[in-house]
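The values are calculated or read from the model by the stated rules, or taken from the named source; none is laboratory data. Values in this document were obtained by computation on a predicted structure and should not be read as measured data. Cβ placement follows ideal geometry from the backbone for every residue including glycine, while neighbour counts extend to all protein chains displayed.
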Amino acid sequence: MKKNISSWGNTSSKDIHILDDIDDNKSTSLAIGNNNSYGDASISASNHAIKLKEDLDGLFSVNQTIEEYLNRNKFGLYGIPGKRNVTLGGAVASDVHGKDNIWGGSFIKNIEELTLKTSSGLVFKTSREKNKEIFYSTIGGYGLTGVILDLKIARNNLAPHKFLTEINIGEGIDNLLSNFTFEDKCYWVAWVDLSNKHYKWYSEKAKPYAKEELSPKKIIPETEFSFTIPFIGSNKFKSMELINKAYLHSKKIRRKRIKSAENIYYPLNKLGNTKNFAKNRKIIQIQFSIPIYNSDKIKKLLDLITIRNTVILCSVKRLTENESPHNLSFVQNGWTFALDFAYESFEYTNLREFYELITKYDGLVYLAKDSTLNQDEFKEMYKNYEEWKNVVKKIDPKNSFQSELSKRLGLKEW
């Protein structure tokens, strides 16, 4: 079957043939899910890709979305990302993270075992005890080790239906970071208005309000509203500033409220889609992490990237350390800032200097969102790259699994 696939940010697209298994006659391929990567991480380097068929009972597969899994199971997940239709396989490949990262960890914490099919046709059962280097290199390996056939997911705590949320509002990056206080089982996220140098922000802390067992319910597919108001994304007539000001003001009206789990896990609903504020619905996102000991450098980074660029949206989370050095996960004990820009008006003038500083401050760029790094920057930034490469080279010696991302960054040049 032939299909056009596109990255979520609409900056990469390709017509490809969908296969349901590895084909020995094809030189390179990539297993894909719902293509939620902002950049080219989920775009196959060739004109074909692999998408596994659903299990006949429909109860579980690596192509099941996180939302579907939560609706069908009473147990929760750690590291739930902000978009509801991320597949379980995609979440593993990108080692996604959520607002619980400081205590819950990234998505790897959910996985007890995974089954991987390599380019040679060999199937490996992998875990923290068995074939552990393959296990760790696959989680946060962006689909470059093989095809994930199956997952054994840990039974975590019961997932609450509701949360009690508390809003805090302030100004200045230092004040924002000091506003964060660790609380176990608490979900925390902040948004910063980067349309001017006041850096006004609000943070939302959410605590489980009622621990009720989830019962299966009808799954209603998400509908995206597709409208475009590009002059807002480029901040013409200071429109972005006005919207941010109004949004922050609305948060002052009701600082405490009860929210559904859906609104906590997926805070950017269809009306908050940043593509609606970009020409041709094209978005560049740069998400980076900075270690806690370099927190004082964050403002300098934000000042630099916003000299000539308007940020449509900036979200902030607190992260904890990566479980293993054998993957390309960007999580570390520190902070992450995710910045959305309109592709058509994005100015690259300060970008190389920005990435140079990220590397200098021991920061990392999230590859699931990336579309702008180059090979040299990546290899300077990801100091554990050689460890990951040595493992992957053994199980995919012919580079059978390649994405546009891996080609661009030279991840599998052997």
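The residues in the range 389-414 that are touching a helix residue (DSSP H, G or I) at 6+ places or on another chain (Cβ under 8 Å), outside any loop (DSSP other than H, G, I, E, B) and not β-branched (Val, Ile, Thr) can be counted, and the count is 2.
For first residues located in the range 264-285 and at pLDDT below 80, partners that are aromatic (Phe, Trp, Tyr) and lie 6+ apart or on another chain with Cβ distances below 8 Å form the pairs 270/225; 271/225.
Filter the range 30-55 down to residues that are more than 22 Å from the chain's Cα centre (by Cα) and modelled with pLDDT of 90 or more, then give me how many there are. Number of matching residues: 3. Test residue 348 against the criterion of being of a type in the set (Phe, Trp, Tyr), without any contact (Cβ under 8 Å) to a residue 40 or more places away in the chain and surrounded by fewer than 22 Cβ atoms within 10 Å (Cβ to Cβ), and give yes or no. Taking the combined requirement at face value, the residue satisfies it.
Here residue 15 clears all of (1) surrounded by fewer than 20 Cβ atoms within 10 Å (Cβ to Cβ); (2) under 25 Å from residue 341 (Cα atoms) except the condition numbered (2). Restricted to helices (runs of 4 or more DSSP H) entirely inside the range 281-386, those with at least 2 residues that are in contact with a helix residue (DSSP H, G or I) (Cβ under 8 Å, 6 or more places away or on another chain), under 30 Å from residue 133 (Cα atoms) and of a type in the set (A, V, I, L, M, F, W, C) are 375-381. Across the range 319-345, the qualifying residues are those that are surrounded by fewer than 18 Cβ atoms within 10 Å (Cβ to Cβ) and charged (D, E, K, R), and the one among them that is modelled with the lowest pLDDT is 344. Of the helices (runs of 4 or more DSSP H) entirely within the range 80-171, those holding at least 2 residues that are crowded, with 23+ Cβ neighbours inside 10 Å, in contact (Cβ under 8 Å) with a residue 12 or more places away in the chain and out of contact with any Leu (no Cβ under 6 Å at 6 or more places or on another chain) occupy 88-94, 132-138.
Looking across 78, 136, one residue alone is within 25 Å of residue 163 (Cα to Cα) and either touching a Pro at 6+ places or on another chain (Cβ under 6 Å) or not β-branched (Val, Ile, Thr) (or both). It is 78. Checking the condition without any contact (Cβ under 8 Å) to a residue 12 or more places away in the chain, out of contact with any Ser or Thr (no Cβ under 7 Å at 6 or more places or on another chain) and either aliphatic (A, V, I, L, M) or farther than 26 Å from residue 35 by Cα (or both), which residue from 353, 386 passes? It is 386.
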